[in-house]
Amino acid sequence: DVKVTQSSRYLVKRTGEKVFLECVQDMDHENMFWYRQDPGLGLRLIYFSYDVKMKEKGDIPEGYSVSREKKERFSLILESASTNQTSMYLCASSHNGNIDNEQFFGPGTRLTVL
Amino acid sequence: QKEVEQNSGPLSVPEGAIASLNCTYSDRGSQSFFWYRQYSGKSPELIMFIYSNGDKEDGRFTAQLNKASQYVSLLIRDSQPSDSATYLCAVNPLTGGGNKLTFGTGTQLKVEL
């Protein structure tokens, strides 16, 4: 059964803190993604990775960084959390494919920055 | 122009009716199309995908694709209250690479008793 897990369902942090969000997939997928989802704005891609140690910026990378040291794990880092980073963070993974590259999502982390 | 457009809704249908959810996309070379369902506070889950023109059926769900009109739809037959959710359309574009998908902002569906 397809499985993407995220380290926390709910997280509360203070402004200026460094925040780590972790994502693990057990499907041997090449691609992994980090999104944030806000009401009315839909899913916005922050970063993605198509291989170990490879990363590419998405649409809104500012204020975020990522790390992929192992194929199954993709971490999102907020270097200095700010209140405008309060959001639902979703990790997803997919395998390489021309047409059947559906993404499977983790349960999400609702982050609140105070 | 947004790359993937959906009417935000809410779309209200009575229980037992057919719900029709629509999505248009701008990249004419897009190759495959995905429908996700997202319950409030939960993450998106894949319902089905389609890549050939025409209809594809899976249980109560039918996806319809018309590449000439750049239009994809999802029909839900015999709608149930448990179908009440936001439905996201996602498109696999020709450009961009990295196996990214482009998501619409979703249509909220309410199935009323």
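Quick notes on this one:
- Residue-wise HN-Hα couplings along segment B:77-90, as the Karplus relation 6.51 cos²θ - 1.76 cosθ + 1.60 with θ = phi - 60° gives them from phi, are 8, 6, 4, 10, x, 5, 7, 5, 5, 9, 10, 9, 9, 10 Hz; Gly and Pro carry x.
- Largest GNM mean-square fluctuation among B:Val13, B:Val72, B:Val91, using chain B with Cα springs under 10 Å: B:Val13.
- Backbone N under 14 Å from the A:Glu79 label point (7 Å along Cα→Cβ), restricted to segment A:4-44: A:16-19
- Per-residue 3J(HN,Hα) values for segment B:52-59, derived from phi via the Karplus relation 6.51 cos²θ - 1.76 cosθ + 1.60 with θ = phi - 60°, read 10, 4, x, 10, 9, 10, 8, x Hz in sequence order (x marks Gly and Pro).
- Remark on segment B:26-48: accessible area falls by at least 30 square angstrom from chain-alone to full-complex state for B:Gln31, B:Phe34, B:Tyr36, B:Gln38, B:Gly41, B:Ser43, B:Pro44, B:Leu46, probe 1.4 angstrom.
- Rounded to whole numbers, the Karplus 3J(HN,Hα) couplings from phi for segment A:25-41 are 10, 10, 9, 6, 6, 6, 9, 9, 9, 10, 10, 10, 10, 10, x, x, 10 Hz, using 6.51 cos²θ - 1.76 cosθ + 1.60 with θ = phi - 60°, and x at Gly and Pro.
- List of segment A:88-113 residues, accessible area with partners at least 50 Å² below that of the chain alone (1.4 Å probe): A:Ile99, A:Asn101, A:Glu102, A:Gln103, A:Phe105
- Computed about the Cα centre, the dipole magnitude for chain B is approximately 260 debye when only Lys and Arg (+1) and Asp and Glu (-1) carry charge, each at its Cβ.
- For chain A, size of Cβ-based charge dipole, Lys and Arg +1, Asp and Glu -1, in debye: 480
- Proximal lysines to A:Lys70, defined as alpha-carbon separation beneath 21 angstrom and excluding residues fewer than eight positions away on the same chain: A:Lys3, A:Lys53, A:Lys55, A:Lys57, B:Lys100
- Chain B: antiparallel DSSP beta bridges as a percent of all, rounded to 5: 90
- Chain A and chain B together bury an accessible surface of about 1800 square angstrom, both sides counted, with a 1.4 Å probe and no ligands or nucleic acids included.
The values are calculated or read from the model by the stated rules, or taken from the named source; none is laboratory data. Source: prediction; values computed, not measured. For neighbour counting, all protein chains shown are included, and Cβ atoms are generated from backbone atoms with ideal geometry for every residue, glycine included. Note: areas computed on protein heavy atoms with side chains; ligands, DNA, RNA excluded. Shrake-Rupley method; radii C 1.70, N 1.55, O 1.52, S 1.80 Å.
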